[in-house]
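What follows is a set of notes on a single structure, which appears directly below.
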Amino acid sequence: MDKIFELYATANALLTEQFGDLGPLLVIGVLGLFLALLTLPALLKKQHDPLDKLRAASQASADVEAGNGKKRLRQKNGKGNKLERYSSFLEPQNEKEYSAVALKLLQAGYRSKDAVRTFHFLQFFLGLVFLCFGVIYAIYSSVTGEPTTQALILSVIIPGGVGYMLPKYWVTRRQAAREEEITNGFPDSLDMMLVCVEAGQSLDQSIIRVSGEIRAGYPALADEFEIVSQEMKAGKDKQQVLRDMSERAGVADVASFVTVLIQSASFGTSIAEALRVYGAEMRDKRVMRAEEKANKLPTKMTLATMMLTVPPLLIILIGPSIYGIAQTLAEANF
């Protein structure tokens, strides 16, 4: 027993000498982190029930008899998702939370069925990577100096938090840029759609034509119109297709346009007239947004102008006087 205590005291003294007073605590933290990383795959590994194969086989046979066998076979022969086994850990179990994350990713342009799973995996992975970097930095700072306990804790926690929030920040920026692109290109698309409708094309044909014409300038809006045209070709209800488009876009102008089209189809009014009136309104709103940004520009430039103009001006105007006063005082002292 005495030998154990002696060994413990020797190890504690060695760690304190090498890494400072918090050396034993840092070593225990690093060991705990590595143990967590080692046990994490075992915790995330999904246990498969042997009866699941029998249930899947019986379900597949039932689908084949019902006429859905081809779809099941295509899914079975496809390449499996490597993150599927961790879906219970990476995906929110709350349906409302899952829908909110899926809608946010959809509005950012990520339409894959595994987008939510990949998003949470990136948050988890980057959080762990940045946390490891924080631990390494904390060990290095404790070896080279004597940082406080608060500084060590912050140097570990802050990188982990940054890594965890980095995917969310990226998705938010991507969503804002996509919404701005759709807002800027929507008036032009309405003008093109009006020309196509007045030329004798149907609404479906005009949407297909517009999606090809505006792709060079506004690819996000072109993708939305292309999805609408494909869903209409597949036989989906037109009103539901338009509502899905407004939900994917996340722009108020598109939602209002969808409402106008639905009301026009419900009451039997002319679609061309609705497009003409709404297109003119969208052009006026775009001009108003440009004027608003132009009016905000002088206010934003005021601080920069004061910081870059006033100090040099004061130096030029007051500098010679200050220099003369300093010279006079120096001569008077002598």
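Are any residues in the stretch 297-334 within 28 Å of Phe186 (Cβ to Cβ) and open to solvent by less than 100 Å² (accessible area, probe 1.4 Å), and if so, which ones?
Leu297
Quick one: would you say Glu146 is surrounded by fewer than 18 Cβ atoms within 10 Å (Cβ to Cβ) and not in a helix (DSSP H, G or I)?
Details: surrounded by fewer than 18 Cβ atoms within 10 Å (Cβ to Cβ): yes; not in a helix (DSSP H, G or I): yes.
Yes; evaluated as a whole, the condition is true for this residue.
Of the numbered conditions (1) at pLDDT 85 or above; (2) among the small types (Gly, Ala, Ser); (3) open to solvent by less than 60 Å² (accessible area, probe 1.4 Å), Ser202 satisfies every one except a single condition; which is it?
Of everything listed in (1) at pLDDT 85 or above; (2) among the small types (Gly, Ala, Ser); (3) open to solvent by less than 60 Å² (accessible area, probe 1.4 Å), Ser202 misses just condition (1).
Could you list, in sequence order, all residues of the stretch 166-187 that are among the hydrophobic types (A, V, I, L, M, F, W, C) and touching a residue at least 12 places away in the same chain (Cβ under 8 Å)?
Pass one, the stretch 166-187, residues among the hydrophobic types (A, V, I, L, M, F, W, C): 166, 170-171, 176-177, 182, 186.
Across the stretch 166-187, the qualifying residues are Leu166, Val171, Ile182, Phe186.
For the condition under 20 Å from Ile271 (Cα atoms), open to solvent by 50 Å² or more (accessible area, probe 1.4 Å) and of a type outside the set (D, E, K, R), what is the one hit in Val210, Val241, Val195? So that I can check it myself, show each step before the final result.
Details: Val210 fails: open to solvent by 50 Å² or more (accessible area, probe 1.4 Å); Val241 fails: open to solvent by 50 Å² or more (accessible area, probe 1.4 Å).
Sole residue among the options that is under 20 Å from Ile271 (Cα atoms), open to solvent by 50 Å² or more (accessible area, probe 1.4 Å) and of a type outside the set (D, E, K, R): Val195.
Go through the stretch 166-183 and give me each residue that's surrounded by 14 or more Cβ atoms within 10 Å (Cβ to Cβ) and not charged (D, E, K, R). Break it down into steps so the answer makes sense when it comes.
Residues of the stretch 166-183 that are surrounded by 14 or more Cβ atoms within 10 Å (Cβ to Cβ), as a first pass: 166-168, 171, 174-175, 178-179, 181-183.
Within the stretch 166-183, Leu166, Pro167, Val171, Gln175, Ile182, Thr183 qualify.
Let's see how each residue does on (1) in contact with a helix residue (DSSP H, G or I) (Cβ under 6 Å, 6 or more places away or on another chain); (2) in a helix (DSSP H, G or I); (3) of a type in the set (A, V, I, L, M):
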| residue | (1), (2), (3) |
| --- | --- |
| Ile136 | no, yes, yes |
| Tyr140 | no, yes, no |
| Leu152 | yes, yes, yes |
| Pro159 | yes, yes, no |
| Tyr169 | no, yes, no |
| Glu179 | no, yes, no |
| Leu194 | yes, yes, yes |
| Val197 | yes, yes, yes |
| Ile207 | yes, yes, yes |
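From the list Leu261, Leu190, exactly one residue is in a helix (DSSP H, G or I) and either closer than 25 Å to Ala115 by Cβ or in contact (Cβ under 8 Å) with a residue 60 or more places away in the chain (or both). Which is it?
Numbers: Leu261 fails: either closer than 25 Å to Ala115 by Cβ or in contact (Cβ under 8 Å) with a residue 60 or more places away in the chain (or both).
Residue meeting the stated conditions: Leu190.
The values are calculated or read from the model by the stated rules, or taken from the named source; none is laboratory data. Being a predicted model, the structure only gives us computed values, none of them experimental. Virtual Cβ from ideal backbone geometry, glycine too; neighbours counted across all protein chains shown. Side chains included, ligands, DNA and RNA excluded: accessible areas come from the protein's heavy atoms. Shrake-Rupley method; radii C 1.70, N 1.55, O 1.52, S 1.80 Å.
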